[in-house]
1. What pairs can you find where one residue is in the range 155-174 and in a loop (DSSP other than H, G, I, E, B), the other is of a type in the set (A, V, I, L, M) and surrounded by 10 or more Cβ atoms within 10 Å (Cβ to Cβ), and their Cβ atoms are less than 8 Å apart, with a gap of 6+ or different chains?
2. Would the range 139-148 turn up any residue that is part of a strand (DSSP E or B), among the small types (Gly, Ala, Ser) and surrounded by 14 or more Cβ atoms within 10 Å (Cβ to Cβ)?
3. Checking the structure you have, find out if any residue of the range 78-91 is farther than 21 Å from Gly59 by Cα, surrounded by 15 or more Cβ atoms within 10 Å (Cβ to Cβ) and at pLDDT 90 or above.
4. Is it fair to say Phe172 is open to solvent by 70 Å² or more (accessible area, probe 1.4 Å) and either among the hydrophobic types (A, V, I, L, M, F, W, C) or in contact with a Cys (Cβ under 8 Å, 6 or more places away or on another chain) (or both)?
Amino acid sequence: RNGTYYDLGYKVELSSSATLKFKYLSSTIKENLSWDGLPVNGDPADFTRYMTGQRNEYGDAFEVQSNLRLTPGQLLTVGLSHSVGRQVETEDTAVPLNSIAGWDYFAFNDTRSKTKVTGLYAQDEISVSENTLINIGGRYDRFKLYGNTRYDWDNYGTNTLRIDPDSTDGIFNP
């Protein structure tokens with residue numbers, strides 16, 4: 001497993017009571033997977049199947065946030081975030097059904113998925129005394145899960161493409 005992660009931020013002082021922050025994140029994670037000696041057809045005595053796989057995950061996120069000092073005892077924070085991610089997973093299987101003939105069964109699977117999340121948040125921090133702060137806030141996130149795309153193939157005639165439907169939803173967290 002290896003990957004890269006980038007984080008870039010920038011802060012602007014608009015005035016003595018207002019700041020604006022920008023942030024960008026990017027990540028890539030790649031995993032190479034292999035299995036050797038997995039039982040074939042559920043038979044724990046037959047360890048002849050060989051599988052390899054690769055899982056790649058990619059993500060990008062952007063956020064903008066503003067902090068506004070409305071009064072000496074009140075700080076308002078508002079922000080917007082947006083992120084997208086995708087995953088690609090492949091798997092190859094080879095099974096020797098006859099040790100003289102070599103590898104008799106081959107299969108390939110490819111699964112792809114994608115997500116998108118957009119969030120809006122606000123928090124009001126109010127100082128009511130030297131020892132007491134009140135925080136009022138919430139965040140609303142709208143997300144979309146794009147339908148997985150899965151392609152299956154084997155040398156026995158399977159050739160299937162399945163595309164799941166997209167789904168969207170939203171959630172508010174106080």
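1. What qualifies is Asn155/Ala107; Thr158/Ala107; Asp166/Leu145.
2. For the range 139-148, residues part of a strand (DSSP E or B), among the small types (Gly, Ala, Ser) and surrounded by 14 or more Cβ atoms within 10 Å (Cβ to Cβ): present.
3. At the first step, the residues of the range 78-91 found to be farther than 21 Å from Gly59 by Cα are 78, 91.
In the following step, the residues that additionally are surrounded by 15 or more Cβ atoms within 10 Å (Cβ to Cβ) were identified as 78, 91.
Subset that is at pLDDT 90 or above: 78.
Yes, because at least one residue in the range 78-91 is farther than 21 Å from Gly59 by Cα, surrounded by 15 or more Cβ atoms within 10 Å (Cβ to Cβ) and at pLDDT 90 or above.
4. On the way: open to solvent by 70 Å² or more (accessible area, probe 1.4 Å): yes; either among the hydrophobic types (A, V, I, L, M, F, W, C) or in contact with a Cys (Cβ under 8 Å, 6 or more places away or on another chain) (or both): yes.
So Phe172 passes the test.
Here's the yes/no breakdown for (1) surrounded by 15 or more Cβ atoms within 10 Å (Cβ to Cβ); (2) in contact with a strand residue (DSSP E or B) (Cβ under 7 Å, 6 or more places away or on another chain); (3) modelled with pLDDT of 90 or more:
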residue	(1), (2), (3)
Thr93	yes, yes, no
Lys114	yes, yes, yes
Gly119	yes, yes, yes
Asn135	no, yes, yes
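The values are calculated or read from the model by the stated rules, or taken from the named source; none is laboratory data. Just so you know, these numbers come straight off a predicted model, no measurement behind them. All Cβ positions, glycine included, derive from the backbone under ideal geometry; neighbour counts span all protein chains shown. For the accessible areas, the whole protein counts, side chains as well, though only heavy atoms, and no ligand, DNA or RNA atoms are used. Shrake-Rupley method; radii C 1.70, N 1.55, O 1.52, S 1.80 Å.
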